[in-house]
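Comments concern the structure below.
The values are calculated or read from the model by the stated rules, or taken from the named source; none is laboratory data. Every value quoted in this text rests on a predicted model; they were computed, and no experiment measured them. Positions of Cβ are generated from backbone atoms using ideal geometry, with glycine treated the same way; all protein chains shown enter the neighbour counts.
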Amino acid sequence: MFDIRLDKVTKQFGNGLVAVDKADLNVGRGEVMCLLGPSGCGKTTMLRMIAGLEWATSGDITIAGKRVNDLPARERNVAMAFQFYALYPSLSVEDNLAYPLHAENLSKAEIAARIARVSEALDLKSILKRRPHQLGEGEKQRVAVGRSIVRDPTCFLFDEPLSRLDIQLRQTMRTQIKEILSRLDKPTVIVTHDQIEALTMADRIAVMQQGKIEQVASPHELFSKPTNLFVAGFIGTPQMNLLEATLTEVGQPNSGGVVAAHFALLGENISATVNGGVAKLASGSKVTLGIRPRSFEFVDPGSTDALHAGVDIVEPMGAEILVHLIEKGADMRCVVQNNVMLAAGDRVAVRCKAGQLHVFDEAGNLVG
Amino acid sequence: MERAREIRAIGYAGWRRTLGAGIISLAYFFPVFYIIMTAFKTRPDALAMPIKFFFTPTFQNFYSVFLRADIQGGGTTNSGFGLYFFNSLFIGGTSVFLALIIGTSAAYGFSRFPLRGNETYLFIILTTRMLPPIIAIIPIFVLFRIFGLSGSYTGIIALYTAFNLPFSIWMAKSFFDDLDRDIEDAARMDGSSEWSVFRKICLPQVYGGLAATFVFAVILTWNEFLFALMLTGTETRTVPVAIARTIGGQVGVDWGLMSAIETLFIIPVVIVTFLLQNQLLRGVTFGTIRK
């Protein structure tokens, strides 16, 4: 069913560094999978192992039902667009596009037809005769994408495809790549450290940290149900607030799978309706509460059952305002509409919107 | 900021500096100019004091390079210089060409498929370049005798090839090291064998650098005197040796003739350098300007 399958794939380099640690990953036909993580998390190494540019130390890599561990890159029929485009500097754009086709022993007419099709789709017609060094960043990117889709490979790999483009180009290219990929109906793996890129382009995202895949989920699920503290803190801007608290009292979950719970948080007693799984924790357990900056709602400063804090810094972000709240040494980020009038030094009371409180246990895993 | 200003200043040095540079260049070029001038002078003009800058030019010296007037009778004798020029071109060209082919292949190997102790091998190769060549002359002379290579093209070409190899390997390796590996990976993914990666992707990127290496090696070989003197025979004599042999004799030094030979000797180097000047510039600055 899955076109790319990684089964307990490990990569250990000669110096002992484990870049990828027992990674399991499946990418289906027509699915766009993003590998997302901070620098050095092993995402590029994983991509290069699928490509055949690095050998896996152990585990199985299967592409289109065939185990490819022992196949060199040129026999895997995988197309890859590189971060720095890796266009062939001594060849014209046209010859760059034709290069992958030579290996397929196609007729001249067929090669010309394929190049025409790709240059049409990516608007490369006017630059076919130019050399890579005569191209702008956006054009180079389009040629790199063109060169990867000109063939009929088993899957597509993109390494940080948009990282070198300016913001405007990035948005147009993002849409363009997404559109092209949706037509190709091939499994695609995209490596990125930019979560906006991942959230917008991917069908599913694999979040990686230190060689391990922390969570594989759809963008929506990743955002609404981060499986552990790393994913919770990594996905979403501004970052999710992670506050240490103690579970003081918890009831029995109702039929809707939720439960009323009380927490001691920053010296105050807060009640919230949370995931039913919390009922399994003993009262008195240490937990970490995750609240997204947009999950706060402001309540009357005199309210009980709310978090009281002082406004520290106010940062306008256009349509919204980022407010830093500070209380007992804990810094909380909170995003509000730009019509809310706040000044540094104000005392406010906030509450987490119903159903948007994430509870993590002592080990840092989501309770649920 | 400081740096930006300096970059902008290139090409806009102002007339003062340009003039200064011009005068210094003239001073350096003057001996060469003087040789070329003397080549066109008659014998009395060449020896005249003070130096004559205005004279009636003659091509007699150039004729004499190849055909020498007999001392008795009106005939001429072939001086052998045609052969010597051919020898210099043939020996120099072949050996440098060979050194580049072998050196480039070796350098690619050293750069892309490093051996255990790669650096040590490279250092050993470099040390052959550190020794003053004269140290090796006796063993080489003896070896040439034993193998009957003295006076043969094979011998001197093999020797020059060996002499140019370390330089070619080190230059070419630095060019290959500077290349973007992603481009090669891309070619591999596009179905290229290791050989096509080298031939179609890597090699075209270092042509400029190789051209520079070619020029340096050609100049070095073209000027080589010591080994040529010891190891070439009458049939394989190169121009530097032949020039040395024209000094002396019963009639003193014929400065006009000598200058004519030297002028002819300079021409091929000038042509090669001018033809490849763009590549030369790119070759020596290779790796310093990136992306």
Review point. Applying the selection to the stretch B:163-194, what residues are free of Cβ contacts under 8 Å to residues at least 24 places away in the same chain and either polar (S, T, N, Q) or more than 14 Å from chain A (Cβ to nearest Cβ) (or both)?
Key: B:Ser192, B:Ser193
**Study point:** Options B:Ser64, B:Ser88; residue that is within 27 Å of B:Tyr153 (Cα to Cα) and modelled with pLDDT under 90
**Key:** B:Ser64
Review point. Among the candidates A:Arg142, A:Arg174, which residue alone is of a type outside the set (Gly, Ala, Ser), farther than 27 Å from B:Cys202 by Cα and more than 14 Å from chain B (Cβ to nearest Cβ)?
Key: A:Arg174
Revision key, fill the gap. So, first residue more than 20 Å from A:Val143 (Cα to Cα) in the stretch A:105-119, second residue among the polar types (S, T, N, Q), Cβ within less than 9 Å, six or more apart or across chains; the pairs are none
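Please count how many residues of the stretch A:95-114 are away from chain B (no Cβ under 14 Å) and assigned to a helix (DSSP H, G or I).
5
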Exercise for review: Could you tell me whether any residue of the stretch A:68-75 is basic (Lys, Arg), at the interface with chain B (Cβ under 8 Å from one of its Cβ atoms) and surrounded by fewer than 21 Cβ atoms within 10 Å (Cβ to Cβ)?
Suggested key: yes
Revision key, fill the gap. Here the qualifying pairs (Cβ atoms under 6 Å; residues six or more apart or on different chains; first in the stretch A:65-89 and of a type outside the set (Phe, Trp, Tyr); second assigned to a strand (DSSP E or B)) come out as A:Arg67/A:Asp60; A:Val68/A:Ile61; A:Asn69/A:Ile61; A:Val78/A:Cys155; A:Ala79/A:Phe156; A:Met80/A:Leu157; A:Ala81/A:Phe158; A:Gln83/A:Asp159
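Looking at the stretch B:229-248 only, could you name the residues that are of a type in the set (Lys, Arg) and closer than 13 Å to B:Phe86 by Cβ?
B:Arg237
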**Study point:** Scope the stretch A:190-222; condition more than 10 Å from the chain's Cα centre (by Cα) and part of a helix (DSSP H, G or I); matching residues
**Key:** A:His220, A:Glu221
**Study point:** Condition met for A:Ser92 (free of Cβ contacts under 8 Å to residues at least 60 places away in the same chain, away from chain B (no Cβ under 11 Å), under 18 Å from A:Ile149 (Cβ atoms) and not acidic (Asp, Glu))
**Key:** no
Revision key, fill the gap. Those residues of the stretch A:149-166 which are surrounded by 19 or more Cβ atoms within 10 Å (Cβ to Cβ) and either of a type in the set (D, E, K, R) or touching a helix residue (DSSP H, G or I) at 6+ places or on another chain (Cβ under 8 Å) (or both) amount to A:Ile149, A:Val150, A:Arg151, A:Cys155, A:Phe156, A:Leu157, A:Phe158, A:Asp159, A:Glu160, A:Pro161, A:Leu162
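Does A:Leu35 fit the bill of being within 22 Å of A:Leu165 (Cα to Cα), assigned to a strand (DSSP E or B) and more than 14 Å from chain B (Cβ to nearest Cβ)?
So A:Leu35 fits the description; yes.
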Practice item. Tell me, yes or no, whether the stretch A:167-177 has at least one residue that is surrounded by 22 or more Cβ atoms within 10 Å (Cβ to Cβ) and not aromatic (Phe, Trp, Tyr). Key: yes
Review point. If you take the residues in the stretch A:49-58 that are free of Cβ contacts under 8 Å to residues at least 60 places away in the same chain and of a type outside the set (Val, Ile, Thr), which one is farthest from B:Ala187 (Cα to Cα)?
Key: A:Ser58
Review point. Is there a residue being closer than 28 Å to A:Glu54 by Cα, away from chain A (no Cβ under 14 Å) and part of a helix (DSSP H, G or I) anywhere in the stretch B:141-150?
Key: no
Study note, to complete from the structure: Restricting the stretch A:161-189 to residues that are outside any helix (DSSP H, G or I) and hydrophobic (A, V, I, L, M, F, W, C), the one nearest to the chain's Cα centre (by Cα) turns out to be A:Val189
